[in-house]
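Read through the structure below, which is laid out as structure tokens, and then see the notes.
The values are calculated or read from the model by the stated rules, or taken from the named source; none is laboratory data. Being a predicted model, the structure only gives us computed values, none of them experimental. Here the Cβ positions follow ideal geometry from the backbone for every residue, glycine too, while neighbour counts run over all protein chains shown. Only protein heavy atoms, including side chains, enter the accessible area calculation; ligands, DNA and RNA are left aside. Shrake-Rupley method; radii C 1.70, N 1.55, O 1.52, S 1.80 Å.
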Amino acid sequence: MILQSIKLQSTISHEIDVVRITTSETLIVGECTFTQAPLGYDASATLQDHVEELRWTPEDGGDRVETYALFSRSGFTSAVEEAADERDDLKLFSAGDVVEALT
């Protein structure tokens, strides 16, 4: 897959740790934490709010599809795990998952 140069702009400055365009319409955005505490649902909600501010439309002019990836060193709260179980657009990754994918 070839990644084209895409301009992502926001009217307000926010940090989004991961931004990846996977197909002509899909945008993966992620939050990475390296804290001692499990990642809470507030991080997911904040990420979703920030993504709303990104002004990017697929080249074909269709609707974009957003997928959220949360990466955490210390796991996730039960609220985040329950949300990920109920949603197809929210994926959770532990530090172990990342190490395994890289080896």
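With respect to the conditions (1) closer than 26 Å to Ser94 by Cβ; (2) modelled with pLDDT of 85 or more, Thr22 falls short on a single one, namely (2).
Residue-wise test of (1) at pLDDT below 95; (2) closer than 13 Å to Thr33 by Cα; (3) open to solvent by 50 Å² or more (accessible area, probe 1.4 Å); (4) not in a strand (DSSP E or B).
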| residue | (1), (2), (3), (4) |
| --- | --- |
| Thr57 | yes, no, yes, yes |
| Asp60 | yes, no, yes, yes |
| Thr67 | yes, no, no, no |
| Glu82 | no, no, yes, yes |
| Phe93 | no, yes, yes, no |
| Gly96 | yes, no, no, yes |
| Glu100 | yes, no, yes, yes |
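Total residues in segment 20-52 satisfying the condition of being open to solvent by 40 Å² or more (accessible area, probe 1.4 Å) and either closer than 18 Å to Glu86 by Cα or among the hydrophobic types (A, V, I, L, M, F, W, C) (or both): the figure is 7.
Within segment 32-45, the set of residues being modelled with pLDDT under 90 and either in a strand (DSSP E or B) or over 19 Å from Arg20 (Cβ atoms) (or both) comprises Thr33, Phe34, Thr35, Tyr41, Asp42, Ala45.
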